[in-house]
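First the structure, in the form of structure tokens, and then the observations on it.
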Amino acid sequence: MTSMFSRVVQRLFPDFFRPVTPYGLLAPKHPHRRLLPHQVQGKRIFIVGDVHGCYDELLSLLEEADALLPTVQVVFVGDLLNKGPKNIACVELARKIGALCVRGNHDEVALSVLHKARRSGKPLPVHMAWLADLSSESEQWLLDLPYTIYFGERNALFVHAGLVPGVPLIQQLPEDMIHMRNVIRDETAGAYAGIRRASAGEAWATVWPGPVHVYFGHDARRKLQRERFATGLDTGCVYGGALSGVYLDDEAQTIYSVSPKEVYRQP
């Protein structure tokens, strides 16, 4: 009886049972998404690093890589928003072209700031005032972003920050998937733990064992990372570096890259 009652309550109040993200948002209904072959049949997959609102550079990159063609599926590794000059335009472009995106820490920050301002009735912070122009459709699109997208046909997975080796995907912590840079190993337990700092432990990508190849962003200080089973694409466009992307099916893994028009934010 208790079990039946619990199921009824969960159906009536599904949000009550959903976990909360590191920034106080309801977790996405589908935190881990699978991209099926028929969904991208006849299309190449182009993966883009952290955009951070750099719309002009994003458009230039997609044009340079011929990624605006209907035969291309664009995938962002998170942090589409925040810090740069044209955040709303980036989201609208992503939605217009049917792009996929995983959840980044700055995407969550933006939504958290917006929701807190609504609850409190206080104005948005000056540096986040652009959120007032975010449409309800774009807001929902961001709220629905998963933590990971897995494409089994190419044995590839997309995540914003990283994954802890040895931990099943369903048990990966949201905090790690949007924040981690390094891992430390507990030799007693024989297990890794994710950490934000790059000053301790070692880069998680260097010890990721595969065979799934992970494409990620977040770690602008290390810039382009190319490990056997992991590719890091955050090359720090908003900080004056570059915006980078790569085609999943390119055996040579040629990196497309464009320089920013200016330094939008100091590292």
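The values are calculated or read from the model by the stated rules, or taken from the named source; none is laboratory data. Keep in mind it's a predicted model, so treat the numbers as computed, not measured. Every residue, glycine among them, receives a Cβ derived from its backbone with ideal geometry; neighbour counts consider all protein chains shown. Protein only, heavy atoms only, side chains kept; ligands, DNA and RNA dropped before computing areas. Shrake-Rupley method; radii C 1.70, N 1.55, O 1.52, S 1.80 Å.
Below are the figures for this structure:
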item: Qualifying position, being part of a helix (DSSP H, G or I), open to solvent by 70 Å² or more (accessible area, probe 1.4 Å) and modelled with pLDDT under 95, among 95, 11; result: 11
item: Selection within the range 236-254 - open to solvent by 20 Å² or more (accessible area, probe 1.4 Å) and either within 24 Å of residue 179 (Cα to Cα) or among the β-branched types (Val, Ile, Thr) (or both); result: 239, 240, 241, 254
item: Meets criteria (over 16 Å from residue 78 (Cα atoms), part of a helix (DSSP H, G or I) and open to solvent by 40 Å² or more (accessible area, probe 1.4 Å)) for residue 153; result: yes
item: Of the criteria (1) touching a helix residue (DSSP H, G or I) at 6+ places or on another chain (Cβ under 6 Å); (2) open to solvent by less than 70 Å² (accessible area, probe 1.4 Å), which one residue 267 fails; result: (2)
item: Enumeration of residues in the range 30-60 that are under 16 Å from the mean Cα position of the chain (by Cα) and either farther than 16 Å from residue 101 by Cα or open to solvent by 80 Å² or more (accessible area, probe 1.4 Å) (or both); result: 30, 33, 34
item: Residue 257 more than 15 Å from residue 77 (Cα to Cα), over 18 Å from the mean Cα position of the chain (by Cα) and not in a loop (DSSP other than H, G, I, E, B); result: yes
item: Scope the range 165-210; condition aromatic (Phe, Trp, Tyr) and open to solvent by 20 Å² or more (accessible area, probe 1.4 Å); matching residues; result: 192, 208
item: Among the candidates 202, 187, 153, residue that is in contact (Cβ under 8 Å) with a residue 40 or more places away in the chain and more than 21 Å from residue 51 (Cβ to Cβ); result: 153
item: Residues satisfying the stated conditions in the range 196-223, i.e. among the aliphatic types (A, V, I, L, M) and at pLDDT 95 or above; result: 203, 205, 207, 212, 214, 220
item: Any hit, the range 255-264, residues being modelled with pLDDT of 95 or more, among the basic types (Lys, Arg) and either over 15 Å from residue 157 (Cα atoms) or buried (at least 18 other Cβ atoms within 10 Å of the Cβ) (or both); result: yes
item: Those residues of the range 42-60 which are of a type in the set (Gly, Ala, Ser), touching a Leu at 6+ places or on another chain (Cβ under 9 Å) and not in a helix (DSSP H, G or I), in sequence order; result: 49, 53
item: Pick from the range 33-75, criterion touching a strand residue (DSSP E or B) at 6+ places or on another chain (Cβ under 6 Å) and without any contact (Cβ under 8 Å) to a residue 40 or more places away in the chain, ranking: nearest to residue 130 (Cα to Cα); result: 74
item: Any chance residue 53 is at pLDDT 95 or above and touching a Cys at 6+ places or on another chain (Cβ under 8 Å); result: yes
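For every residue, the table says whether it meets (1) out of contact with any Cys (no Cβ under 9 Å at 6 or more places or on another chain); (2) in a helix (DSSP H, G or I); (3) surrounded by fewer than 20 Cβ atoms within 10 Å (Cβ to Cβ).
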| site | (1), (2), (3) |
| --- | --- |
| 67 | yes, no, no |
| 73 | yes, no, no |
| 79 | yes, no, no |
| 106 | yes, yes, no |
| 110 | yes, yes, no |
| 115 | yes, yes, yes |
| 124 | yes, no, yes |
| 129 | yes, yes, yes |
